[in-house]
Amino acid sequence: MSERREQLRLLEALFFAAPEPLAEDELSQRLGDGSDVVALVRELAESYAERGVNLVCLAGGWTFRTAPDLAPLLATERVVARKLSRAAVETLAIVAYHQPVTRAEIEAIRGVALARGTLDRLLEAGWVRPRGRREGPGRPLNWVTTSSFLVHFGLDSVNELPGLDELRAAGLLDIGPAALGEAPELAADAAEPGEFEA
Amino acid sequence: MSERREQLRLLEALFFAAPEPLAEDELSQRLGDGSDVVALVRELAESYAERGVNLVCLAGGWTFRTAPDLAPLLATERVVARKLSRAAVETLAIVAYHQPVTRAEIEAIRGVALARGTLDRLLEAGWVRPRGRREGPGRPLNWVTTSSFLVHFGLDSVNELPGLDELRAAGLLDIGPAALGEAPELAADAAEPGEFEA
Amino acid sequence: MSAAQPALVLDLDGYEGPIDLLLALAREQKVDLAKLSILALADQYLAFIAAQTRLCLEIAADYLVMAAWLAYLKSRLLLPEPPSDDDAPSGEQLAAALAHRLRLLAAMQRAGAALLARPQLGREVFLRGAPEGIPRIDRPVYSLSLYELLAAYGEGHRRVHARVLTIEAPALHSLDEALRRLAEFVGQVPEWRELASFLPAEMRGGVFRRSALASTFAALLELTRAGRIELRQDRAFGPIYLRSPAARRSPAGGAGAG
């Protein structure tokens with residue numbers, strides 16, 4: 001069946017070169033009257049079924065498409081440097097100091113709701129992860145920092161994070177004039193997540 | 001050899017999906033270290049050798065292309081290209097075989113000034129481009145062929161230009177003193193494009 | 001000869017310059033270009049040019065220059081070499097150079113034809129008509145220093161604390177509140193009554209009580225200034241009394257103020 005083989009070759013080239021899917025009646029015109037287009041297309045589709053490209057029927061016509069299972073391998077990864085938002089950095093700090101901590105607790109400590117995606121960003125960066133659930137209503141997820149968090153910040157454990165007194169000594173907890181003299185209460189609050197709430 | 005089969009499938013999909021030929025080092029990156037890309041590509045090329053599309057090496061990269069013998073059958077797909085003038089064809093050949101070459105050298109070989117638009121057409125087709133300048137009086141632009149020239153004419157590199165070896169053996173890749181020094185009036189003419197233009 | 005090539009007479013335009021014309025004439029000699037007789041070719045060219053009765057001089061200028069040069073070459077080839085001028089090329093050298101040029105152009109014309117004879121993209125062969133493209137996935141890498149992390153924590157403390165203060169403020173008895181309260185009593189206090197009896201009933205801690213006293217006192221001053229109430233204090237730090245003005249005590253009656 002050399003003629004059949006030639007027809008399959010032509011079909012193959014047509015599907016490959018066409019900018020859009022080819023309908024069966026178009027194919028009949030190209031192959032000439034009396035060609036069994038349906039059978040030819042089926043044979044070609046079968047011979048490609050296991051390959052890296054498949055012949056598929058799309059929008060009323062046949063076209064080659066890369067095999068769906070290869071999609072993750074086809075994509076090229078590109079490393080992009082991104083900056084975390086202030087909210088994300090603060091959330092990360094709260095998880096670091098107060099872990100295990102629930103989303104509601106983070107929101108209570110920050111005094112504002114967490115925007116959608118803030119925790120996702122940290123999760124994507126590989127710095128936080130959920131670990132277990134809190135007993136209680138709704139059984140919310142507990143969030144903790146990861147070992148790559150420790151690696152990134154050069155810490156052996158979260159216990160190496162400077163304490164509140166040390167932060168204050170370093171000027172990182174300096175409180176503006178509006179706060180008057182109530183700093184000591186804050187220190188106490190910080191030790192117990194949730195008590196920051198207004 | 002299921003892994004090998006998966007690598008062949010991935011290669012197949014990559015070649016189908018990529019808008020341009022893929023070089024072997026790109027493929028190595030995609031397949032991971034230690035993959036025998038050369039052998040894999042050769043195997044894939046062989047398995048497609050008899051089919052309606054072939055895997056060929058163009059402009060330093062591998063890509064699928066319809067089989068040349070199907071040209072008459074694919075004819076209605078043809079995008080009718082504007083016919084190149086004789087001057088343009090000759091100029092293209094001179095750039096291809098003598099690159100890098102200056103406008104004055106092209107004119108010396110052809111014995112006539114380049115009409116306005118001849119190089120422009122080739123530039124517009126994306127087949128030639130300027131690359132650097134010749135050291136010397138007037139520092140004229142050097143012209144070379146592009147990778148889309150190679151892709152268009154089905155060449156892997158300029159070393160595959162037809163008849164290159166015979167031309168070299170016959171000394172016809174040298175523009176030679178004749179064009180430059182010993183027929184003074186012609187050389188001088190060639191250096192001043194524009195004077196001849198009809 | 002001219003009878004054999006009538007087409008050439010009218011058709012200089014068909015040539016891409018003098019070398020191209022020379023090449024065409026050389027091909028008529030039907031010999032290998034390497035064995036070409038430059039002398040014969042020069043004769044042919046000169047005869048061809050001489051036969052052009054309708055030359056457009058502008059187009060033909062470079063053809064005529066070539067004719068002049070070929071006439072010169074011919075004379076160099078036919079006459080003995082002049083003894084002087086050691087550096088000048090001999091007639092043979094000039095002829096060889098011309099032959100090289102002819103072969104070079106001929107080679108380039110062949111090469112051009114060979115290129116165009118190859119299967120061309122979009123004519124004989126086709127690349128993928130609709131390449132899907134290779135998707136790019138961005139893998140983000142975040143950089144953050146320990147300092148930035150700790151500073152953010154401190155910043156959070158600061159902000160949350162400021163929030164506590166703004167929320168506590170409404171727990172005090174505001175001037176607006178005091179004004180609202182007192183406005184209810186205006187016109188209903190015919191006799192002097194002590195200020196303390198107008199303070200909010202639900203007494204809370206010291207700070208609230210002091211703020212209520214202060215705001216109520218400020219509200220009283222405001223209402224007095226507006227003539228809606230009268231104030232009396234018998235001695236420094238003594239109790240403060242208030243009553244409605246006379247006019248308001250008897251809405252139907254005449255004028256009068258305290």
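Of note:
- Every residue from the range A:44-99 that is assigned to a helix (DSSP H, G or I) and over 30 Å from A:ALA113 (Cβ atoms): A:LEU44, A:ALA45, A:GLU46, A:SER47, A:TYR48, A:PRO68, A:ASP69, A:LEU70, A:ALA71, A:PRO72, A:LEU73, A:LEU74
- Per the conditions (1) more than 7 Å from chain B (Cβ to nearest Cβ); (2) surrounded by 14 or more Cβ atoms within 10 Å (Cβ to Cβ); (3) small (Gly, Ala, Ser); (4) over 16 Å from B:LEU172 (Cα atoms), the sole criterion not satisfied by C:ALA99 is (4).
- Residue that is nearest to C:GLU16 (Cα to Cα), among those in the range C:111-147 that are surrounded by fewer than 16 Cβ atoms within 10 Å (Cβ to Cβ) and at pLDDT 90 or above: C:ALA113
- Where B:ARG9 falls short, out of the listed (1) surrounded by 15 or more Cβ atoms within 10 Å (Cβ to Cβ); (2) in contact (Cβ under 8 Å) with a residue 24 or more places away in the chain; (3) of a type outside the set (A, V, I, L, M, F, W, C); (4) within 11 Å of another protein chain (Cβ to nearest Cβ): (2)
- Looking only at the range C:18-37, and only at residues there that are acidic (Asp, Glu) and surrounded by fewer than 16 Cβ atoms within 10 Å (Cβ to Cβ), the one that is farthest from the other protein chains (Cβ to nearest Cβ): C:GLU28
- Neighbours by Cβ (under 7 Å, 6+ apart or cross-chain): first from the range A:99-117, more than 26 Å from A:LEU150 (Cβ to Cβ); second acidic (Asp, Glu): A:ALA113/A:GLU107
- Candidates B:ALA108, B:ALA39, B:ALA115: the one that is in the same structural domain as B:GLY138 (by TED's automatic domain parsing) and assigned to a helix (DSSP H, G or I) is B:ALA108.
- Within the range A:52-100, the set of residues being more than 7 Å from every other protein chain (Cβ to nearest Cβ) and among the hydroxyl-bearing types (Ser, Thr, Tyr) comprises A:THR63, A:SER85, A:THR91.
- From A:GLY111, A:GLY163, A:GLY154, A:GLY176, residue being modelled with pLDDT under 85, within 12 Å of chain C (Cβ to nearest Cβ) and either buried (at least 17 other Cβ atoms within 10 Å of the Cβ) or within 22 Å of the chain's Cα centre (by Cα) (or both): A:GLY111
The values are calculated or read from the model by the stated rules, or taken from the named source; none is laboratory data. Nothing here was measured: the structure is a model prediction, and the numbers come from that model. Virtual Cβ from ideal backbone geometry, glycine too; neighbours counted across all protein chains shown.
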